[in-house]
Amino acid sequence: MDLGLKGKTALVLGASRGLGAASAKLLAAEGAHVIAASRSGEAPADGMEGVKLDLSDADSVAALIERLAAQPVDILVNNCGGPAAGPAKGQSSAAWQAAFEAMATPIFAITDAALPGMIEKGWGRVVTIGSSGIVQPIPNLALSNGVRGAVAGWSKTLAEEVAPHGVTVNMVLPGRIATDRLAQLDGIKAEKTGAALDAVQEASRKTIPAARYGTPEEFGAMVTFLCSQQAGYVTGSMIRVDGGMIRGH
Ligand SMILES: NC(=O)c1ccc[n+]([C@@H]2O[C@H](COP(=O)([O-])OP(=O)(O)OC[C@H]3O[C@@H](n4cnc5c(N)ncnc54)[C@H](OP(=O)(O)O)[C@@H]3O)[C@@H](O)[C@H]2O)c1
């Protein structure tokens, strides 16, 4: 299937590794020109443009916004690093604020800067990577669960506002996809419980009907489809890529 992405320009945030990198590579494979942003600025494959961006640094976000005004994009894939693990009880205001300022407000501002160019063309795609924790909060990941809930509310509100302009706004929610981040979280769990890493991973896989972790490519394929011409009537949606892990709708 030709996804109609040849000649489109896509900006992917958090694109040096993991879910962002896989999404960037698949968009590029479909013929999009990809700008891959991350703190390292490393493009995950040849032929992409790497750009330095630290979402938790206001000046760095402002520089990207300035660039977007001069060089509009057709597609924006929002992604960020995950926050520190920890419970809801006893989280400091400073920790909540830092998580919000790394994972929510810069995403809102960068999207705002990308929208005028999309609206002018009457075509655009905004896809935000979230977490299954939006649907079913993940124990000991309170900052992630809380801030991503806010991002979900923002995404849904925005979808309605820009739908008449041919711009779709969706979220893709990873369950457990084998990336550095997941390995780090499994490691934290092993340390906390005193169990071996293998045992933690095996127990985790047992909770997933597909009985395995997903691959970044399986996740990136959904992001890429939502960016396609064919997905033009899909907006305001949150789509889980989780091997059936979340039992609710
Ligand atoms: N993998 C899963 O199963 C899973 C499940 C639920 C939710 N998630 C969430 O989905 C997102 C992506 O997950 P992942 O597994 O791909 O994570 P990952 O392997 O840790 O990759 C995160 C990416 O974001 C970039 N990044 C981190 N902090 C950044 C910052 N301050 N500014 C700009 N870029 C930044 C990293 O590159 P640099 O280090 O070069 O900046 C990297 O490219 C995370 O928010 C994660 O919490 C993942």
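The table that follows gives values for the structure above.
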| item | result |
| --- | --- |
| Test: residue in segment 175-191 that is among the basic types (Lys, Arg), over 20 Å from the mean Cα position of the chain (by Cα) and either under 30 Å from Gly90 (Cα atoms) or not in a helix (DSSP H, G or I) (or both) | yes |
| Condition broken by Gly220, with the remaining ones in (1) within 25 Å of Ala84 (Cα to Cα); (2) not assigned by TED's automatic domain parsing to the domain that holds Ser155 satisfied | (2) |
| Only one of Ala28, Ala36, Ala22 that is outside any loop (DSSP other than H, G, I, E, B), among the small types (Gly, Ala, Ser) and more than 12 Å from the ligand (Cβ to nearest atom) | Ala28 |
| Residue check, Arg39 over 21 Å from Ile177 (Cα atoms) and of a type in the set (Lys, Arg) | yes |
| Condition check for Leu197: under 22 Å from Gly82 (Cβ atoms) and within 15 Å of the ligand (Cβ to nearest atom) | no |
| Hits in segment 212-232 (condition: assigned to a loop (DSSP other than H, G, I, E, B) and either among the charged types (D, E, K, R) or without any contact (Cβ under 8 Å) to a residue 24 or more places away in the chain (or both)) | Arg212 |
| Tally of residues being farther than 24 Å from Ala21 by Cα and not polar (S, T, N, Q) across segment 70-97 | 9 |
| Filtered residues of segment 175-211 (kept if touching a residue at least 60 places away in the same chain (Cβ under 8 Å) and surrounded by 17 or more Cβ atoms within 10 Å (Cβ to Cβ)) | Gly175, Arg176, Ile177, Thr179, Leu185 |
| All positions within segment 69-94 that are away from the ligand (no atom under 15 Å from the Cβ) and either farther than 29 Å from Lys6 by Cβ or surrounded by 13 or more Cβ atoms within 10 Å (Cβ to Cβ) (or both) | Pro72, Val73, Asp74, Ile75, Pro87, Ala88, Lys89, Gly90, Gln91, Ser92, Ser93, Ala94 |
| Residues (touching a strand residue (DSSP E or B) at 6+ places or on another chain (Cβ under 7 Å), at pLDDT 95 or above and under 16 Å from Pro87 (Cα atoms)) located in segment 123-173 | Gly133, Ile134, Ala142, Leu143 |
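The values are calculated or read from the model by the stated rules, or taken from the named source; none is laboratory data. Nothing here was measured: the structure is a model prediction, and the numbers come from that model. Reconstructed Cβ throughout: ideal geometry from the backbone, glycine too, with neighbour counts over all protein chains shown.
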